[in-house]
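Novice: My structure is below; once you've seen it, I'll send some questions.
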Amino acid sequence: MSTTLDKFQGATLSLVRSGSIKDRLTEAYRNYLALVDESELPKELLEEFRAFSHALSREPPLLRGEDTFRATVRKMSNDEADEVASSVVRMFGAISREPANTVRSRVPKSAPQVISLYPGDAWSAAERAR
């Protein structure tokens, strides 16, 4: 299971590699940030994350096989892509400073219960321990 912190760390590492800023931003988004659920974020970062998401989905696709994200990145200037990438690094820094228990990771709503198939064995072990 990948935590929100892991996703932002992976995205940040993608952004610092060599290559064009638009290619790095595409990799960071597609491989990590598109997988972030807003409910996993600290409340203080919700608006910045929403602004980040909007900045990457504001253009309609014009080319065959293109999606909104790719159309937006294609039309961005390098300075705009730099600013969006900087917001990812700022959010990663803020998340990494949060106490571990406040950065939520996805937990199944109903965790399965473990039931012993041999309840007598558990009782016998308890009796022997006395």
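Rule-based calculations on the coordinates, nothing more; no lab input. This structure is a prediction, so every number in the text was calculated from the model and none was measured. Using ideal geometry, Cβ is built from the backbone for each residue, glycine included, and neighbour counts are taken over all protein chains shown.
Novice: Just order 68-77, 38-47 by mean Cβ neighbour count inside 10 Å, highest at the front, would you?
Specialist: In decreasing order of mean packing, 68-77, 38-47 become 68-77, 38-47.
Novice: Using the beta-carbon distance between residue 74 and residue 94 and R0 = 41 Å, what value does 1/(1 + (r/R0)^6) give for FRET efficiency, to the nearest 0.05? Show your work: numbers first, answer last.
Specialist: Details: r = 29 Å, r/R0 = 0.70.
For R0 = 41 Å, the calculated efficiency reads 0.90.
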